[in-house]
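Participant: Pasting in a structure now, in structure tokens, and then I'll have a few things to ask.
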């Protein structure tokens, strides 16, 4: 059986990843195995979205990367209340994702959380925080080495609202993740960056 690799981004809405859709979209013959390299899963709730992602992984369609977006963390006002609710929602979704995967697949799946931008350490006038630099990154699943890397963030004594500075570069963590997935010469993905090991992913 031939394998048809789909390198393009696929925005999954629950009606795709079947033979007729793949034939029409990519011209795949009916006797070919379709391998999707990147799928972006959308949904009305984080819990529903991660459930769909877990189902796609368990379907073993050749999927290598899944991107899941969760909004609501840009809290310029009432950070305490909003972050509490969103963090609980995210924690429940992450737990459900790995529970749904099952013990057989968990060692072969890793999940990395990141944000579009960090936050300031200082509170603004609306009991919120503004855009900053440093952020927390979590690595969960079979590839994670566990523990904490980088220590406490560096909080500057000058600048707007005491902006935080990161102690590790996200590109290094992503490079380790790609290497764990089996991508050769993963450091070349960020051509203008010199890779520095972080130790967040197993070798």
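The values are calculated or read from the model by the stated rules, or taken from the named source; none is laboratory data. This one's a predicted model, so the numbers in the text were calculated from it and none came from an experiment. Note that each Cβ is placed from the backbone with ideal geometry, even for glycine, and that neighbours are counted across all protein chains shown.
Participant: Kindly check whether there is at least one residue in the range 100-113 that is in contact (Cβ under 8 Å) with a residue 60 or more places away in the chain and either surrounded by 12 or more Cβ atoms within 10 Å (Cβ to Cβ) or in a loop (DSSP other than H, G, I, E, B) (or both). Working first, answer last.
Facilitator: Let us first name the residues in the range 100-113 that are in contact (Cβ under 8 Å) with a residue 60 or more places away in the chain, namely 110, 112.
Next cut, either surrounded by 12 or more Cβ atoms within 10 Å (Cβ to Cβ) or in a loop (DSSP other than H, G, I, E, B) (or both) only: 110, 112.
Within the range 100-113, one or more residues are in contact (Cβ under 8 Å) with a residue 60 or more places away in the chain and either surrounded by 12 or more Cβ atoms within 10 Å (Cβ to Cβ) or in a loop (DSSP other than H, G, I, E, B) (or both).
Participant: Got at least one residue in the range 93-112 being more than 23 Å from residue 180 (Cα to Cα) and at pLDDT 85 or above? First the steps, then the outcome.
Facilitator: From the range 93-112, those more than 23 Å from residue 180 (Cα to Cα) are 93, 96; that's our starting set.
Next, only the ones that are at pLDDT 85 or above stay: 93, 96.
Within the range 93-112 (the criterion being more than 23 Å from residue 180 (Cα to Cα) and at pLDDT 85 or above), the answer is yes, since at least one residue qualifies.
Participant: Another question, if that's okay. So is residue 3 in contact with a strand residue (DSSP E or B) (Cβ under 9 Å, 6 or more places away or on another chain) and either part of a loop (DSSP other than H, G, I, E, B) or at pLDDT 60 or above (or both) or not?
Facilitator: For residue 3, the condition - in contact with a strand residue (DSSP E or B) (Cβ under 9 Å, 6 or more places away or on another chain) and either part of a loop (DSSP other than H, G, I, E, B) or at pLDDT 60 or above (or both) - is not met.
Participant: With the requirement that a residue be in contact (Cβ under 8 Å) with a residue 40 or more places away in the chain, surrounded by 18 or more Cβ atoms within 10 Å (Cβ to Cβ) and part of a loop (DSSP other than H, G, I, E, B), what does the range 48-86 give you?
Facilitator: Selection gives 75 alone.
Participant: I've got another one for you. I need every pair where a residue in the range 170-181 that is without any contact (Cβ under 8 Å) to a residue 24 or more places away in the chain has its Cβ under 9 Å from the Cβ of a residue that is part of a helix (DSSP H, G or I) and surrounded by fewer than 20 Cβ atoms within 10 Å (Cβ to Cβ), sequence separation at least 6 or different chains.
Facilitator: 175/186; 175/187; 175/189; 178/186; 178/187; 178/189
Participant: From 116, 123, 89, which residue is surrounded by 13 or more Cβ atoms within 10 Å (Cβ to Cβ) and either touching a strand residue (DSSP E or B) at 6+ places or on another chain (Cβ under 8 Å) or in a loop (DSSP other than H, G, I, E, B) (or both)? Give the derivation first.
Facilitator: Details: 116 fails: surrounded by 13 or more Cβ atoms within 10 Å (Cβ to Cβ); 89 fails: either touching a strand residue (DSSP E or B) at 6+ places or on another chain (Cβ under 8 Å) or in a loop (DSSP other than H, G, I, E, B) (or both).
Every option except 123 fails the conditions.
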